[in-house]
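The values are calculated or read from the model by the stated rules, or taken from the named source; none is laboratory data. Bear in mind that the values here come from a model prediction, so they are computed numbers and not experimental data. Note: ideal-geometry Cβ built from the backbone for every residue, glycine included; neighbour counts use all protein chains shown. Surface areas here come from the heavy atoms of the whole protein model, side chains and all, with no ligands, DNA or RNA. Shrake-Rupley method; radii C 1.70, N 1.55, O 1.52, S 1.80 Å.
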Amino acid sequence: MGIEETDFRVVFGTTKIEYDFAKEDSNRIKHGYSLESAANLLEKWVFTIFTTRFITHTPIVKNGEVRHKHIGVDDNGNIVFMVTTMRYNETVRVISFRKAHASEIATFKALTKL
């Protein structure tokens, strides 16, 4: 089984995490969360994978790009939901970040035994 273009992937020492600065204010207003804080949290989730619980869903295609949905716990103990896409040069771009909905929380708890 090889790596597919749609896979969420991290290459240690190479992968970068970014977000659209122009969407920062709209995401903060709409969801109450900063995309900058999402990028920092995703970095923690990915690069401290053995101490941090998070799950990544099967990718979907939206607006012509492959998107990955992630659910995990933020620094305040809240279960949060994040959407990312892979860009060129192993760059992960954060698209959206918000508090997880009840169904997402239930999925996270069931899969991580919380």
(request) Determine the alpha carbon to alpha carbon distance for each of Lys23/Lys109; Lys23/Lys113; Lys30/Lys109; Lys30/Lys99 and list only those over 22 Å. (result) Lys23/Lys109; Lys23/Lys113; Lys30/Lys109
(message) Keeping every protein chain present and rolling a 1.4 Å probe, give me the accessible area per residue for region 23-114 in Å².
(response) 58
(message) Using a 1.4 angstrom probe on the protein heavy atoms only, could you order His68, His31 from most to least accessible area?
(response) His31, His68
(message) Out of the chymotrypsin sites (Phe, Trp or Tyr not before Pro) in region 60-114, which ones are loop residues according to DSSP with at most 13 other C-beta atoms within 10 Å?
(response) Tyr88
(request) With the full set of protein chains in place, find how many percent of the accessible area of the chain is carbon and sulfur; take the probe as 1.4 Å. (result) 54
(request) For Lys16, list the lysines whose Cα falls under 16 Å from its own Cα; do not include residues on the same chain fewer than 8 positions away. (result) Lys44
(message) What aspartates and glutamates does Lys69 reach when the alpha-carbon gap must be under 12 Å and sequence neighbours fewer than 8 apart in one chain are set aside?
(response) Asp7, Glu104
(message) If the only charges are +1 at each Lys and Arg Cβ and -1 at each Asp and Glu Cβ, what is the size of the charge dipole of the chain around the Cα centre, to the nearest 20 debye?
(response) 360
